[in-house]
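Engineer: Got a structure for you, written out below as structure tokens; questions coming shortly.
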């Protein structure tokens with residue numbers, strides 16, 4: 001199975017998020033799974049559906065604390081820990 005990581009600000013019902021979810025609902029999820037790296041700790045409208053479809057949501061807090069250095073550090077650590 002291939003896992004595709006989408007890096008998006010959040011998963012609320014905006015244009016990009018809805019577009020990604022429409023694709024996610026119709027792909028063969030035994031062959032491809034979508035994961036999401038979002039910039040907020042809080043949950044949004046699509047989060048529950050993503051998890052039901054088998055996707056993972058990873059949360060960084062860049063938008064909540066506006067600390068770009070911390071964001072770069074957190075992003076670096078994320079990719080070090082998630083090499084799959």
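The values are calculated or read from the model by the stated rules, or taken from the named source; none is laboratory data. Given the structure is predicted, the values throughout are model-derived calculations rather than measurements. Cβ coordinates were reconstructed from backbone atoms using ideal geometry, including for glycine residues, and neighbour counts include every protein chain displayed.
Engineer: Do we have any residue at all in the range 58-68 that's at pLDDT 90 or above and surrounded by 12 or more Cβ atoms within 10 Å (Cβ to Cβ)?
Structural biologist: Within the range 58-68, one or more residues are at pLDDT 90 or above and surrounded by 12 or more Cβ atoms within 10 Å (Cβ to Cβ).
Engineer: Okay, moving on. Would you call residue 53 surrounded by 12 or more Cβ atoms within 10 Å (Cβ to Cβ) and under 16 Å from residue 4 (Cβ atoms)? It would help to see each step written out before you state the result.
Structural biologist: On the way: surrounded by 12 or more Cβ atoms within 10 Å (Cβ to Cβ): yes; under 16 Å from residue 4 (Cβ atoms): yes.
Yes: the conditions hold for residue 53.
Engineer: Let me spell it out: the conditions are (1) in contact with a helix residue (DSSP H, G or I) (Cβ under 8 Å, 6 or more places away or on another chain); (2) modelled with pLDDT of 95 or more, and residue 40 meets all of them except one. Which number is the exception?
Structural biologist: (2)
Engineer: Those residues that are in contact with a strand residue (DSSP E or B) (Cβ under 8 Å, 6 or more places away or on another chain), surrounded by 14 or more Cβ atoms within 10 Å (Cβ to Cβ) and part of a loop (DSSP other than H, G, I, E, B), I need them from the range 1-26; list them, please.
Structural biologist: 9, 10, 11
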